[in-house]
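Only one structure is covered here, and it is reproduced in the block below.
The values are calculated or read from the model by the stated rules, or taken from the named source; none is laboratory data. Quick caveat, the model's predicted, so the values are computed rather than measured. Methodologically, a virtual Cβ is constructed for each residue, glycine included, from the backbone with ideal geometry; neighbour enumeration extends over all protein chains shown. Ligands, DNA and RNA are stripped out before the accessible areas are found, and what is left, the full protein with its side chains, is counted by its heavy atoms. Shrake-Rupley method; radii C 1.70, N 1.55, O 1.52, S 1.80 Å.
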Amino acid sequence: GFRPAEQAEGSNAVNVSTKGQAKIGKTLMWGSFAFRNIFDKNLLYNNILYEVEQDVPYYTMDTNKSRWNRQEYDMSAAMASPVFWERFSIGIDLRYLNRVGAKQKDPRVETNSMTLEIRPSATIRISDNHILGLNGEFAMGKELANPGNAAPVNHNIYILRGLGEGVGAVVGGNLGIQEFTYDYIQYGVGAQYNFSTQGLDALLDVYVKNRTLDVEQSMTMPKNMGKVKRSILGASFLALWGE
């Protein structure tokens, strides 16, 4: 039971994945594809989102345990150029993730989410011992969740407002909640410095990322339900020495 309350008590999955690499001339290329069919059981406190993130408090919940069925299509590709003039190289990393989830008990939901990520990079060798790198990141995503009922009976839910607050609402009928949309954009940059000599190889990585998520209800008459802004500043240091 040591888990977030809105995660399933148990899960089974069928996964199929493949990946490969190729060298065309002096250009290196990688690619992968994965399909996941996930069956969750006894999931509670979430009836709108494919996955509840810890810093996204704007979603809806009910108090009925339910199964969830999920499918994921995960594709990625990457490329690294040759090393030009023995000093300079560029690369790019792409990922597309499509996910579909469905709550199996009223009040139920079918939710579709899409994520696209792009990460370009460049590296330059200043000397035999010093290398500088620079990378960027851009990501965008959208999730559309349609709540409803299989039986002609309305169900009470709660619309969360964050900080432990919420308001009562209904799924079904003329006054029931409409579809929820979650749109986010993320961008960031990073810089790297590598120093290598006999017996020592060290890498310093510094990066900053910003993300904005907008939550709305109803696509025909949009109503703002909340906004989340995230800023991350991070760094890492790796070193190998000795034999």
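For the range 9-54: of the residues being among the acidic types (Asp, Glu) and in a loop (DSSP other than H, G, I, E, B), which is farthest from ARG161 (Cα to Cα)? Break it down into steps so the answer makes sense when it comes.
Initially, the range 9-54 is screened for residues among the acidic types (Asp, Glu), giving 9, 40, 51, 53.
Those left that are additionally in a loop (DSSP other than H, G, I, E, B): 9, 51, 53.
Values: GLU9: 25, GLU51: 17, GLU53: 14 Å.
Filtering the range 9-54 for residues that are among the acidic types (Asp, Glu) and in a loop (DSSP other than H, G, I, E, B), the one farthest from ARG161 (Cα to Cα) comes out as GLU9.
Residues checked against (1) assigned to a strand (DSSP E or B); (2) among the polar types (S, T, N, Q); (3) farther than 30 Å from LEU200 by Cα; (4) over 18 Å from the mean Cα position of the chain (by Cα):
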position: ASP106; (1), (2), (3), (4): no, no, yes, yes
position: THR111; (1), (2), (3), (4): yes, yes, yes, no
position: LEU116; (1), (2), (3), (4): yes, no, yes, no
position: ARG119; (1), (2), (3), (4): yes, no, no, no
position: ASP128; (1), (2), (3), (4): no, no, no, yes
position: ILE131; (1), (2), (3), (4): yes, no, no, yes
position: LEU134; (1), (2), (3), (4): yes, no, no, yes
position: MET140; (1), (2), (3), (4): yes, no, yes, no
position: GLU143; (1), (2), (3), (4): yes, no, yes, no
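Against the condition open to solvent by 80 Å² or more (accessible area, probe 1.4 Å), in a strand (DSSP E or B) and touching a residue at least 12 places away in the same chain (Cβ under 8 Å), how does TYR193 come out, does it pass? Walk me through it before giving the result.
Details: open to solvent by 80 Å² or more (accessible area, probe 1.4 Å): yes; in a strand (DSSP E or B): yes; touching a residue at least 12 places away in the same chain (Cβ under 8 Å): yes.
So TYR193 fits the description; yes.
Any residue in the range 87-104 that is of a type in the set (Gly, Ala, Ser) sitting within a Cβ distance under 6 Å of a residue that is open to solvent by 40 Å² or more (accessible area, probe 1.4 Å)? List the pairs, counting only those 6 or more apart or interchain.
Sorted first by the residue in the range 87-104, then by its partner, the pairs are SER89/VAL83; SER89/THR123; GLY91/SER121; ALA102/ASN69; ALA102/GLU110.
Quick check: anything in the range 59-79 surrounded by fewer than 18 Cβ atoms within 10 Å (Cβ to Cβ), assigned to a loop (DSSP other than H, G, I, E, B) and modelled with pLDDT of 95 or more? Let's see the steps before the verdict.
Applying the first criterion (surrounded by fewer than 18 Cβ atoms within 10 Å (Cβ to Cβ)) to the range 59-79 yields 63-65, 67, 69, 71, 73-79.
So of that shortlist, the ones also assigned to a loop (DSSP other than H, G, I, E, B) come out as 63-65.
Those still in the list that are modelled with pLDDT of 95 or more too: none.
Checked against the condition, which is being surrounded by fewer than 18 Cβ atoms within 10 Å (Cβ to Cβ), assigned to a loop (DSSP other than H, G, I, E, B) and modelled with pLDDT of 95 or more, the range 59-79 yields no hits at all.
Tell me, which residue of the range 175-185 that is open to solvent by 30 Å² or more (accessible area, probe 1.4 Å) and at pLDDT 95 or above is nearest to GLY234 (Cα to Cα)?
Narrowing the range 175-185 to residues open to solvent by 30 Å² or more (accessible area, probe 1.4 Å): 175, 178-179, 183-185.
Add one more test, that the residue is at pLDDT 95 or above, and what stays is 178-179, 183-185.
Numbers: GLN178: 38, GLU179: 36, ASP183: 24, TYR184: 21, ILE185: 19 Å.
Filtering the range 175-185 for residues that are open to solvent by 30 Å² or more (accessible area, probe 1.4 Å) and at pLDDT 95 or above, the one nearest to GLY234 (Cα to Cα) comes out as ILE185.
With respect to TYR158, determine if the residue is modelled with pLDDT of 95 or more, open to solvent by 30 Å² or more (accessible area, probe 1.4 Å), more than 23 Å from PRO120 (Cβ to Cβ) and out of contact with any Phe, Trp or Tyr (no Cβ under 8 Å at 6 or more places or on another chain).
Values: modelled with pLDDT of 95 or more: yes; open to solvent by 30 Å² or more (accessible area, probe 1.4 Å): yes; more than 23 Å from PRO120 (Cβ to Cβ): yes; out of contact with any Phe, Trp or Tyr (no Cβ under 8 Å at 6 or more places or on another chain): yes.
Taking the combined requirement at face value, the residue satisfies it.
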